[in-house]
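Let me begin by presenting the structure, written as structure tokens, before commenting on it.
The values are calculated or read from the model by the stated rules, or taken from the named source; none is laboratory data. Keep in mind it's a predicted model, so treat the numbers as computed, not measured. So basically every Cβ, Gly included, is an ideal-geometry build from the backbone, and we count neighbours across all protein chains shown.
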Amino acid sequence: MPIGEFGRPPDLPVENSPALTTPMYWMYEMAQASLNPARAVADATRLLYRNPLNPMSRTQIGKSIAAGCEVFERTTRRYAKPEWGLDETVVDGLRVPVSIRTVWEKPFCRLLYFDRLITRPQRRPAPRVLIVAPMSGHYATLLRGTVDAFLPTHDVYITDWADARMVPLAEGRFDLDDYVDYVIDMLHMLGGDVHVVAVCQPAVPVLVAVSVMEAAGDPNVPLSMTLMGGPIDTRRNPTTVNNLAAEKGIDWFRNNVITKVPFPHPGVMRDVYPGFLQLHGFISMNLDRHMDAHRRLFENLVRGDGDLVDKHRDFYDEYLAVMDLTAEYYLQTVDQVFVRHALPKGEMTHRGKLVEPAKISRVALMTVEGENDDISGLGQTEATHTLCPRIPDDRRVHYVQPGVGHYGVFNGSRFKAEIVPRIRDFMSNTGEGRRRATLAAG
């Protein structure tokens, strides 16, 4: 369930009951295993009634049986991590292949580089952008459209967070401080000449990481940071899901939504906030819409409308693929960001030291919000500008995109047509400004 872009908490029948959560993951795995035979039968039946050699495949009854079997199989399966599917892009009017490779790795994250295999020399190096993906339940592939929008003009890197159930307990814990350290390590590896984009939840740890680096006089601070739909100060225009954190309190989350990873997953016995509870939170926010979407899937399968069926499959293959979060990261994030509002109050610490965004001066700042965002309300991301008074006015931008909700801030047609060009211009201007300032200082 996390708060904010993670969804809403599940409506559990018993509060403050560790006994409820201890066997929860085991019961879920048993339920999945018990459904395997039924899924296999449904899949075989679907193939039988779609076989063109079967006369029933051309009847309304046969089509309905096949459609019903597919809907059953899709609504009961566990979805695997999706593929990126970004094999090529267009650079200066030419289509070029893209190779995805890991350039940095730690137990809970890999840094992926989308290498554009350009054969002809370019007039000037493409700006580099580090996209920090949310660690909020979905895989980094949820930002496929974000990456695709930057690929034609930028060298793109993205954080690929690990599913906590796949990380052995021997690898240690992972909390919000570790998240910040990971971001700092990646910026050190990239060498500073990079723009960082934080999408939703990572707006907080990215702001903390840059604050820590600025306070230390780190030469590897990024050229700019763009924070998109992030919960910097959820006291501003709080949404329904924001308010749930204050209502429940951190002890409720600790006692009711944390469980242990069962055997045979590599992370057996690790305390996690499990993906299936997150999925419950995602779906419960818009249950009627999801039920209607699957009803339309059934109707489109019967009609044979392949385009609409493919769109449904593509969306839900991504939406229903979720990962577990470590308990310590999840609880610390809920407590500091959504319950205590530690960052805007000036009370957040990193490794025992106070975090001071007011010391940021070398890094340009852009914030982006959606007019209809019902997860990170208007003003929550804009609050960053108040926390960073030393950034010059000509190196800061705030933009509200009309007519989009939370996901429209980083994906979709308006994102590509209206938001991305503004971010590109911002990065170009701030990159040139930093270079001029460096030359002048030298």
Any residue at all in the range 279-297 that is under 30 Å from Ile61 (Cβ atoms) and either in contact with a Lys or Arg (Cβ under 6 Å, 6 or more places away or on another chain) or in contact (Cβ under 8 Å) with a residue 60 or more places away in the chain (or both)?
yes
Is one or more of the residues making up the range 270-282 crowded, with 18+ Cβ neighbours inside 10 Å, touching a Cys at 6+ places or on another chain (Cβ under 6 Å) and modelled with pLDDT of 85 or more?
no
Right, Arg101: over 22 Å from Asp317 (Cα atoms) and free of Cβ contacts under 8 Å to residues at least 24 places away in the same chain or not?
yes
Name every residue in the range 303-350 that is more than 27 Å from Ala209 (Cβ to Cβ) and among the acidic types (Asp, Glu), in order of residue number.
Asp305, Asp307, Asp310, Asp314, Asp317, Glu318
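Would you say Pro2 is closer than 25 Å to Met291 by Cα, of a type outside the set (Ser, Thr, Tyr), at pLDDT below 95 and surrounded by 18 or more Cβ atoms within 10 Å (Cβ to Cβ)? Before you say what the answer is, go through the steps one by one.
Working: closer than 25 Å to Met291 by Cα: yes; of a type outside the set (Ser, Thr, Tyr): yes; at pLDDT below 95: yes; surrounded by 18 or more Cβ atoms within 10 Å (Cβ to Cβ): yes.
Spelling it out, Pro2 is indeed closer than 25 Å to Met291 by Cα, of a type outside the set (Ser, Thr, Tyr), at pLDDT below 95 and surrounded by 18 or more Cβ atoms within 10 Å (Cβ to Cβ).
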Residue satisfying all of: in the range 372-386; surrounded by fewer than 21 Cβ atoms within 10 Å (Cβ to Cβ) and closer than 17 Å to Thr240 by Cα; modelled with the lowest pLDDT among these
Asp374
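Quick one: how many residues across the range 69-95 are aliphatic (A, V, I, L, M) and closer than 19 Å to Gly145 by Cβ?
Going residue by residue through the range 69-95, those that are aliphatic (A, V, I, L, M) are 71, 80, 86, 90-91, 94.
Those still in the list that are closer than 19 Å to Gly145 by Cβ too: 86, 90-91.
Looking only at that region, the number is 3.
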Which of the following residues is within 22 Å of Pro82 (Cβ to Cβ) and under 15 Å from the mean Cα position of the chain (by Cα): Met285, Met323?
Met323
Within the range 390-412, residues being part of a helix (DSSP H, G or I) and farther than 22 Å from Leu365 by Cβ number 1
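Touching a residue at least 40 places away in the same chain (Cβ under 8 Å), within 25 Å of Phe315 (Cβ to Cβ) and out of contact with any Ser or Thr (no Cβ under 9 Å at 6 or more places or on another chain): which single residue out of Leu86, Leu47, Leu35, Leu112 fits that description?
Working: Leu47 fails: touching a residue at least 40 places away in the same chain (Cβ under 8 Å); Leu35 fails: out of contact with any Ser or Thr (no Cβ under 9 Å at 6 or more places or on another chain); Leu112 fails: out of contact with any Ser or Thr (no Cβ under 9 Å at 6 or more places or on another chain).
One residue alone meets the criteria, Leu86.
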Got at least one residue in the range 14-31 being over 29 Å from the mean Cα position of the chain (by Cα), at pLDDT below 90 and surrounded by 12 or more Cβ atoms within 10 Å (Cβ to Cβ)?
yes
Quick check: is even one residue across the range 175-193 touching a residue at least 24 places away in the same chain (Cβ under 8 Å) and either assigned to a strand (DSSP E or B) or of a type in the set (S, T, N, Q) (or both)?
no
If a residue has to be modelled with pLDDT of 95 or more, exposed (fewer than 15 other Cβ atoms within 10 Å of the Cβ) and among the basic types (Lys, Arg) to count, how many in the range 75-106 make the cut?
1
Which members of the range 351-383 meet the condition of being touching a His at 6+ places or on another chain (Cβ under 9 Å) and either closer than 18 Å to Asp425 by Cα or of a type outside the set (Gly, Ala, Ser) (or both)?
Ala364, Leu365, Met366, Thr367, Val368, Glu369, Asn372, Asp373, Asp374, Ile375, Thr381, Glu382
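What number of residues within the range 354-388 satisfy the criterion of being over 27 Å from Val404 (Cβ atoms), touching a residue at least 40 places away in the same chain (Cβ under 8 Å) and outside any loop (DSSP other than H, G, I, E, B)?
Of the residues in the range 354-388, the ones over 27 Å from Val404 (Cβ atoms) are 354-356, 358-362.
With the extra rule that they be touching a residue at least 40 places away in the same chain (Cβ under 8 Å), the set shrinks to 355-356, 359-362.
Of the ones still in play, those that are also outside any loop (DSSP other than H, G, I, E, B) are 359.
Selection size over the range 354-388: 1.
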For Phe415, work out the one condition from (1) of a type outside the set (Val, Ile, Thr); (2) part of a helix (DSSP H, G or I); (3) surrounded by fewer than 17 Cβ atoms within 10 Å (Cβ to Cβ) it doesn't fulfil.
(3)
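Might you let me know whether the range 299-310 holds any residue that is within 25 Å of Ala170 (Cβ to Cβ), touching a helix residue (DSSP H, G or I) at 6+ places or on another chain (Cβ under 9 Å) and either modelled with pLDDT under 90 or not in a strand (DSSP E or B) (or both)?
Going through the range 299-310, the residues within 25 Å of Ala170 (Cβ to Cβ) turn out to be none.
No.
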Within the set of pairs 6 or more residues apart or between chains, which connect a residue that is surrounded by fewer than 16 Cβ atoms within 10 Å (Cβ to Cβ) and of a type outside the set (Gly, Ala, Ser) inside the range 394-411 to a residue that is assigned to a loop (DSSP other than H, G, I, E, B) and modelled with pLDDT of 90 or more with Cβ atoms less than 6 Å apart?
His398/Glu382; Pro402/Glu371
Please determine, by comparing only the residues of the range 350-371 that are among the basic types (Lys, Arg) and either touching a Lys or Arg at 6+ places or on another chain (Cβ under 6 Å) or surrounded by 15 or more Cβ atoms within 10 Å (Cβ to Cβ) (or both), which one is nearest to Ala216 (Cα to Cα).
Lys359
Checking Thr234 against (1) among the hydroxyl-bearing types (Ser, Thr, Tyr); (2) surrounded by fewer than 21 Cβ atoms within 10 Å (Cβ to Cβ); (3) over 21 Å from Phe114 (Cα atoms): exactly one of these is not met. Which one?
(2)
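Would you point out the residue of the range 214-271, among those that are charged (D, E, K, R) and part of a loop (DSSP other than H, G, I, E, B), that is nearest to Pro389 (Cα to Cα)?
As a first pass, look at the range 214-271 and keep what is charged (D, E, K, R): 214, 218, 233, 235-236, 247-248, 251, 254, 260, 270-271.
Right, trim to part of a loop (DSSP other than H, G, I, E, B) and you get 218, 233, 235-236, 270.
Details: Asp218: 19, Asp233: 16, Arg235: 20, Arg236: 18, Arg270: 41 Å.
The selected residue is Asp233.
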I want to confirm something. Restricting to the range 243-258 and keeping residues that are under 13 Å from Asp335 (Cβ atoms) and not aliphatic (A, V, I, L, M), which single residue is surrounded by the fewest Cβ atoms within 10 Å (Cβ to Cβ)?
Asp251
